Protein chains: 2
Amino acid sequence: MAIKEGLRPGGRSARVQESIHSAVNALLQEQERSTVTVPQIAARAGVTPSTIYRRWGDLAALLADVALARMRPDSEPANTGSLRGDIRAWAEQYLDEMSSEVGRNMMRDVQASATPGYCVAIIGAQLQTIVDRYPNEKTPSVDRLIDLVVAPVVFRILFSATALEVDELHRLIDIALRLD
Amino acid sequence: MAIKEGLRPGGRSARVQESIHSAVNALLQEQERSTVTVPQIAARAGVTPSTIYRRWGDLAALLADVALARMRPDSEPANTGSLRGDIRAWAEQYLDEMSSEVGRNMMRDVQASATPGYCVAIIGAQLQTIVDRYPNEKTPSVDRLIDLVVAPVVFRILFSATALEVDELHRLIDIALRLD
DNA sequence: CGCTTAAAGCAAATTCTTTGTGTTAAGGTC
DNA sequence: GACCTTAACACAAAGAATTTGCTTTAAGCG
């Protein structure tokens with residue numbers, strides 16, 4: 001009797017997950033997302049399909065998991081010295097990362113998953129970090145920033161053929177900073 | 001030799017499509033979207049699965065088609081007498097329709113389809129109709145309205161557990177109307 | 001080292017998807 | 001209206017993906 005909550009994340013399990021994640025990323029690089037299948041991923045990862053089905057349930061859940069792993073930031077938002085600068089820098093990078101084919105597909109997969117909210121949590125944390133750098137300024141709430149800056153960026157990526165122009169992004173940031 | 005562009009939308013074809021659309025809507029009402037399958041729809045519609053695969057390609061495309069059909073407005077946006085009033089009325093109704101379980105799933109299906117932009121086109125046309133009622137006022141562009149009002153509504157529906165509060169919606173509309 | 005069991009492997013059963021071929025009926029011509 | 005042409009559907013067999021029962025491996029303890 002052991003191990004809290006019956007989880008076993010070490011050793012082989014971790015290796016298999018790593019191997020599967022790599023396989024997914026590699027395949028998404030080489031071919032259309034709609035042509036990627038579970039048996040294909042399994043073969044590439046040197047694993048049985050049933051392993052994937054048992055751990056993730058279905059292809060959509062696996063793709064969402066991989067996408068979220070890639071979205072997890074590996075560094076703090078850049079510090080430019082001003083609130084507007086920090087937000088601009090962060091938003092521009094975000095727009096850039098998500099505007100690509102793979103980026104858009106990542107958004108789609110996360111969105112279709114059971115917990116799309118986790119993605120917002122990550123974004124919110126990043127924005128919170130920025131806002132917290134300026135305790136003496138009147139800053140907009142993170143929710144407001146999400147509504148006025150993140151939402152338009154993501155919406156256009158998901159629904160529109162063309163991504164937001166940087167000019168328009170700056171205008172939206174200015175609107176968000178002109179708090180009321 | 002006849003028929004422009006080899007389409008044949010009349011008679012049986014139309015009946016089959018209608019039957020399949022009804023079947024989808026009925027099934028989406030009764031069970032989880034993720035449990036709905038093509039063979040199931042086919043059976044309900046009194047049709048062979050291959051008919052569906054040949055016409056739509058896959059389940060996702062069919063669901064998107066059905067969702068778009070339901071999104072197509074059956075009436076003009078309400079005319080309240082003022083720009084703010086019209087936009088509020090429209091946005092509140094939109095928020096309401098899309099906040100439900102089925103509404104959210106419709107958005108997801110359309111978004112995942114090959115032409116999510118068509119959905120924006122419908123929304124844009126509705127907003128354009130409203131804006132055109134006030135040729136003597138300085139009105140925001142439709143794009144701006146989409147960025148500041150529609151995007152947050154949709155984003156929160158897709159990514160957040162809780163929908164936008166009506167209060168916050170009004171605030172966003174006010175921001176959009178305070179043009180610059 | 002040995003025990004327990006979560007997680008992976010394997011393979012059969014099931015279900016979904018694709019595809020080849022024949023049939024039905026829309027839409028046009030005379 | 002009788003008669004073509006062929007798009008769209010039905011049917012059935014082949015192929016692929018998913019599920020499931022059972023076995024084997026090795027992670028995490030004592």
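The values are calculated or read from the model by the stated rules, or taken from the named source; none is laboratory data. Please read all numbers here as calculations on a predicted model, not as lab measurements. Note: ideal-geometry Cβ built from the backbone for every residue, glycine included; neighbour counts use all protein chains shown. The accessibility values were calculated without ligands, DNA or RNA, using every heavy atom of the protein model including side chains. Shrake-Rupley method; radii C 1.70, N 1.55, O 1.52, S 1.80 Å.
Among the residues of the stretch B:36-58, which ones are surrounded by 14 or more Cβ atoms within 10 Å (Cβ to Cβ) and outside any helix (DSSP H, G or I)?
B:36, B:47
Given the structure, is residue B:93 more than 14 Å from chain A (Cβ to nearest Cβ), away from DNA strand C (no atom under 12 Å from the Cβ) and not charged (D, E, K, R)?
Answer is yes for this residue.
Looking at this structure, is residue A:61 outside any helix (DSSP H, G or I), within 13 Å of chain B (Cβ to nearest Cβ), open to solvent by 30 Å² or more (accessible area, probe 1.4 Å) and within 16 Å of DNA strand D (Cβ to nearest atom)?
no
Restricting the stretch B:96-116 to residues that are within 14 Å of chain A (Cβ to nearest Cβ) and not in a helix (DSSP H, G or I), which is nearest to residue B:146 (Cα to Cα)?
Filtering first and then ranking leaves B:116.
Does the stretch A:26-37 hold any residues that are closer than 13 Å to residue A:66 by Cβ and either within 8 Å of DNA strand D (Cβ to nearest atom) or not β-branched (Val, Ile, Thr) (or both), and which are they?
Selection gives A:26, A:27, A:28, A:29, A:33.
Residue-wise test of (1) over 26 Å from residue A:158 (Cβ atoms); (2) polar (S, T, N, Q); (3) at pLDDT 95 or above.
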{"residue": "A:7", "(1), (2), (3)": "yes, no, no"}
{"residue": "A:10", "(1), (2), (3)": "yes, no, no"}
{"residue": "A:31", "(1), (2), (3)": "no, yes, yes"}
{"residue": "A:37", "(1), (2), (3)": "no, yes, yes"}
{"residue": "A:41", "(1), (2), (3)": "no, no, yes"}
{"residue": "A:50", "(1), (2), (3)": "yes, yes, yes"}
{"residue": "A:73", "(1), (2), (3)": "no, no, no"}
{"residue": "A:86", "(1), (2), (3)": "no, no, yes"}
{"residue": "A:89", "(1), (2), (3)": "no, no, yes"}
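Hey, can you tell me all the residues within the stretch B:70-109 that are open to solvent by 50 Å² or more (accessible area, probe 1.4 Å), free of Cβ contacts under 8 Å to residues at least 24 places away in the same chain, more than 12 Å from the chain's Cα centre (by Cα) and closer than 17 Å to residue B:166 by Cα?
B:93, B:96
If you check residue A:130 against the conditions, is it open to solvent by less than 40 Å² (accessible area, probe 1.4 Å) and under 17 Å from the mean Cα position of the chain (by Cα)?
When the stated conditions are applied, residue A:130 does not pass them.
Within the stretch B:9-33, track down each residue that is in a helix (DSSP H, G or I), more than 9 Å from DNA strand C (Cβ to nearest atom) and loosely packed, with under 12 Cβ neighbours inside 10 Å.
Selection gives B:18, B:29, B:30.
Rundown of residues vs (1) free of Cβ contacts under 8 Å to residues at least 60 places away in the same chain; (2) open to solvent by less than 40 Å² (accessible area, probe 1.4 Å); (3) within 7 Å of chain B (Cβ to nearest Cβ), yes/no style:
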residue: A:142; (1), (2), (3): yes, yes, no
residue: A:147; (1), (2), (3): yes, yes, yes
residue: A:152; (1), (2), (3): yes, yes, yes
residue: A:158; (1), (2), (3): yes, yes, yes
residue: A:162; (1), (2), (3): yes, no, no
residue: A:165; (1), (2), (3): yes, no, no
residue: A:171; (1), (2), (3): yes, no, no
residue: A:178; (1), (2), (3): yes, no, no
